[in-house]
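The values are calculated or read from the model by the stated rules, or taken from the named source; none is laboratory data. Given the structure is predicted, the values throughout are model-derived calculations rather than measurements. Every residue, glycine as well, gets a Cβ built from its backbone with ideal geometry; the counts of neighbours run over all protein chains shown.
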Amino acid sequence: MRLLKYILKKVVMPLCVFLLPAYAYSQEERPMETESVKVTATRVEKELQDVPSSVSVITSDDIKKSSAKTVGELLQDVPGIQVVNSGAQGLKRISIRGEGVNRTQILIDGQQIVENKSMDGTSLLIDPSTVERIEVIRGPASVLYGSDAIGGVINIITKKGGSKPIQGEASLSYNGSADGFTEYASLYGSAGGFEYRLSGSFDEQRKLRTPEGLAPHTGFGQQDYGAYLAYNVNDDIKVGAAYDYFKSRITAGSMEEGYENFFVDIPEWMRQKARVFGEAKNIASFLPKLRLDAFWQQNHKRMHNHVDVTGMPMVLDNYADNMNEQYGLSVQSDWMIQDHTYVIFGYDFAYDILNADTDQDANSSMPVATFNYLKKSRHEGYEYSNAVYAQGESSLPLDFALSYGVRWTHVVSEMKKAEGTKTVKTTGQISALDSGDVGSTGDSWDNAPVFNAGLMWQGIENLTFRFNFSQGFRTPSLQEKYLVSSMGGGTMIPNPDLKPETSNNFELGARYADYGFIVDAVYFWSIADDYIASQTIDEATSTVRYVNVSSAYTHGAELVLSYEFPFGLKPYTSMTYMERKYDTGSSSTWFTGVPRFQGRAGLAYGHTFNDAFDFHVDAYARFSSDSKEDTSSGLVAYGAWTTANLAMGVNFGEKRQYGLSMEVNNIFNETYQISGDIYEPAVYAAVKFTAGF
């Protein structure tokens, strides 16, 4: 393996730069075609062109060509998306249309990743090598997917079975941004009605290389294993089971002056899930499908935050050991009412259990006894939700279609235990922690209906106009209601009186795909009420409290535009314009950390030559305007930036079962930040080899 890595890094990658462009000179012309993409964003599989909402798809071909280390990197060019790195290259979170990352629902195979104790939202706990495709719903999807989908949904769909009894694939990639390797292998197939897949991946990345030097505390590694087995009883009935295991370790640091010794170390962040499902199709003419899913999953995170800041008289070490467990069940039935109305009815149940241990070890350089202490706290709580929903679509005269839906959700939360002790190390004195240090016990319940409605017109072939209204709904987490959190030198105080967030959202869009053209444009605006944010209550100690602010207003536009010439040349762009405002009633600001413009524009070229090789090359720029954010410590600003990038690759073999791709990113070594405390990578190359049988 070491020899293979050496050859890939020292021989194959340099040769790619010089040899791959030569393949383009003997290309044969190919006809223009628009790829048909099927999505399940509306819980019913349909062509992307027929989906009544704003949906983007990262296809299996996109993933195969990419050398992305994380799923977050795969998503960075989707309109409306901001990738938040939380100061770590291996810790990516997603914001959609300016909403906070805890307002984006992350699904794996349609089931949400549980995260009941996090100040930063749900992370993407899966390796990109195991992913078949990713569907992104931009804008609220609370009717179909419930709480936390107020900004949108990321549905990560994993690879399943094959078409032959025994098939396999493997890949090896090198990423120069952190001098790291990723290995992946999978065995899969289908025979006698059975479908199966066994897969595993291993990723190891070192310190991130930036134009300002190596970023401290930025390495990460991850392992991902999966097993899938399904049986087709007949053409219409399928049952199956799957097991996923993901484990990562992550370190995050800061490049800010005075914070060189500050770091967050996550030695273990593990997610495992077991699920079973059953699906029956064509039960009756009026009942096309019935599906049941049941699952158990566990999310275990151990974390150490070392706060050692120049000029600060005290060093803090915060430790957390959090275990989230979830049991879930969903049932969906599809109904055909005559020939013009298709309705789905569903029921979702989730029971989440939280067990969290948190320690804070304070050591002062000043001779004050109260600054030298050890705090230990324990939290136990649960949350369960029941939800019923209905989503329909009816054909109307003159090529119109009406979509409509409603969901009712009932959520019960309870913190059963919130207790702890404080030991003064200089005296050995032990005392119980009060509610200001540990939080409180308590219970609450929230329920609300949410609605959506939309009108779609398809009077011209391959052209769709759409207008949508949707409501968002998000319940406060156990963290926000009951748990005191001390990380990064500050303290977050909970608020048991928090109300659910709600929003009203509108969008007007058009989608066209034919004759080599692809156009997807949308204008959106959103008004959120009872928005949950943090409010400073003590600047001296960096203490903030969760509160419901008055409102948040967002408006913007997203555009995807491309044209493929008959000879394989394709200019394209995907971009977002967005503005966002917070209004607390007493003050308001447009400085909310959202860049006004961001996107990607490029020129791609691809052809088949000699009926043996498929070649592609893509020269493109990523860009963003500056962004500013009002925070408790003042205005934080990130400058505008543009990077130049080049990607190329070749697929070969009788069935194109081999692939070699290469990227050179940030060619001009631009120094920039998109979020967090570290700069983005300096100029680097990445290469990936894939093989299948």
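Pairing each residue of region 629-652 that is within 30 Å of residue 64 (Cβ to Cβ) with any residue that is among the acidic types (Asp, Glu) and outside any strand (DSSP E or B), provided the two are 6+ apart or on different chains, yields C-beta distances under 6 Å for 641/670; 643/670. Within region 641-693, restricting attention to residues that are in contact with a strand residue (DSSP E or B) (Cβ under 6 Å, 6 or more places away or on another chain) and β-branched (Val, Ile, Thr), the residue that is farthest from residue 61 (Cα to Cα) is 642.
Every residue in region 446-471 that is among the hydrophobic types (A, V, I, L, M, F, W, C) and modelled with pLDDT under 90, please. Before you say what the answer is, go through the steps one by one.
First, the residues of region 446-471 that are among the hydrophobic types (A, V, I, L, M, F, W, C): 448, 450-451, 453, 455-457, 460, 463, 465, 467, 469.
Selection gives 448 alone.
So that you can scan it fast, the table gives a plain yes or no per residue for (1) in a strand (DSSP E or B); (2) touching a Lys or Arg at 6+ places or on another chain (Cβ under 9 Å):
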residue	(1), (2)
567	no, yes
581	yes, no
598	yes, yes
607	yes, yes
611	no, no
619	yes, no
637	yes, yes
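Give the residue that is surrounded by the fewest Cβ atoms within 10 Å (Cβ to Cβ), with candidates limited to residues of region 574-592 that are among the β-branched types (Val, Ile, Thr) and closer than 18 Å to residue 84 by Cα.
Taking region 574-592 first, the residues among the β-branched types (Val, Ile, Thr) are 576, 584, 589, 592.
Right, trim to closer than 18 Å to residue 84 by Cα and you get 576, 592.
On the way: 576: 23, 592: 19.
Taking the candidates together, the pick is 592.
Considering only residues in region 325-362 that are loosely packed, with under 15 Cβ neighbours inside 10 Å and among the polar types (S, T, N, Q), the one that is nearest to the chain's Cα centre (by Cα) turns out to be 341. If we keep just the residues of region 175-193 that are touching a Gly at 6+ places or on another chain (Cβ under 8 Å) and of a type in the set (Phe, Trp, Tyr), which is nearest to residue 85 (Cα to Cα)? Within region 175-193, the match that is nearest to residue 85 (Cα to Cα) is 184.
Every residue in region 103-144 that is part of a helix (DSSP H, G or I) and over 20 Å from residue 348 (Cα atoms), please.
Step one: list which residues in region 103-144 are part of a helix (DSSP H, G or I), which gives 103, 128-130, 142-144.
Passing the criteria: 128, 129, 130.
What is the residue count in region 306-320 for residues that are of a type in the set (D, E, K, R) and farther than 19 Å from residue 378 by Cβ?
Here is the first cut: in region 306-320, the ones of a type in the set (D, E, K, R) are 308, 317.
Then drop every residue that is not farther than 19 Å from residue 378 by Cβ, which leaves 308.
Result for region 306-320: 1.
Out of all the residues in region 538-547, is one or more farther than 30 Å from residue 313 by Cα and in a strand (DSSP E or B)? Yes.
Let's see how each residue does on (1) crowded, with 18+ Cβ neighbours inside 10 Å; (2) of a type in the set (Ser, Thr, Tyr); (3) within 27 Å of residue 317 (Cα to Cα):
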{"residue": "204", "(1), (2), (3)": "no, no, yes"}
{"residue": "222", "(1), (2), (3)": "yes, no, yes"}
{"residue": "228", "(1), (2), (3)": "yes, yes, no"}
{"residue": "234", "(1), (2), (3)": "no, no, no"}
{"residue": "251", "(1), (2), (3)": "yes, yes, yes"}
{"residue": "271", "(1), (2), (3)": "yes, no, yes"}
{"residue": "284", "(1), (2), (3)": "no, no, no"}
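Suppose the filter is in a loop (DSSP other than H, G, I, E, B) and touching a residue at least 24 places away in the same chain (Cβ under 8 Å); does residue 476 pass it? For residue 476, the condition - in a loop (DSSP other than H, G, I, E, B) and touching a residue at least 24 places away in the same chain (Cβ under 8 Å) - is met. Any residue at all in region 178-190 that is among the polar types (S, T, N, Q), under 28 Å from residue 546 (Cβ atoms) and not in a helix (DSSP H, G or I)? No, region 178-190 contains no residue that is among the polar types (S, T, N, Q), under 28 Å from residue 546 (Cβ atoms) and not in a helix (DSSP H, G or I).
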